[in-house]
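Report on one structure; see the data block that follows.
Every number in this text was worked out from the coordinates using simple rules, so none of it is lab data. Keep in mind the model is a prediction, meaning the values are calculated, not measured. Heads up, the Cβs are rebuilt from the backbone with ideal geometry, glycines too, and the neighbour counts pull from every protein chain shown.
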Amino acid sequence: MDRFQIKPFGAEAVVYDGASGDTHYLKPLTFAVFKAFRETPARERHLVIESLGQRLGMPAGSTYTTLAEEALLSLQRIGLLDTQ
């Protein structure tokens, strides 16, 4: 069984973490970052964020990059992602 139970609501989601017992609401960008890192966990973080930005039509170095980095740090802080 997967550690995470994910219930998407459009671009947003609620994620239950079976390891901690916590439930987290993920805003659209945070959910997109969460999915991107789960799809390609071995890639370097800046490459995953850059690739996601391209899929979303966001230019590199834009506000998107800052917001995506903040979303990533938030996911790490609450224990949903373990990335380098």
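Only one of [x] 0.99; [y] 1.23; [z] 1.05 was calculated from the structure for Cα Rg over 2.2 N^0.38 Å, and its label is [z]. Over the chain, what is the relative contact order in whole percent, taking alpha-carbon pairs under 8 Å and six or more residues apart? Taking the mean separation of contacting Cα pairs over the length of the chain, I get 22 percent. In a shell of Cβ-Cβ distance under 12 Å around Glu70, excluding Glu70 itself, what net charge do Lys and Arg (+1) and Asp and Glu (-1) give? Charge balance in the 12 Å sphere: +1. Between the Cα long axis of helix 45-56 and the first principal axis of the chain there is an angle of about 80°, rounded to the nearest 10.
I want to check the label-to-label distance for Arg77 and Glu39. Put each point 7 Å from Cα in the C-beta direction and report it in nm to one decimal. Using points 7 Å along Cα→Cβ, the separation is 2.6 nm.
Per-residue ellipticity at 222 nm computed for the chain from its helices equals -14500 deg cm²/dmol, with DSSP H segments shorter than 4 residues left out and the rest contributing -39,500 (n - 2.57).
Report, in degrees rounded to the nearest 10, the 0 to 90 angle that the Cα long axis of helix 28-39 makes with the longest principal axis of the chain. For 28-39 against the chain, the angle is about 80 degrees. Placing +1 on the Cβ of every Lys and Arg and -1 on the Cβ of every Asp and Glu, with no other charges, gives the chain a dipole of roughly 140 debye about its Cα centre.
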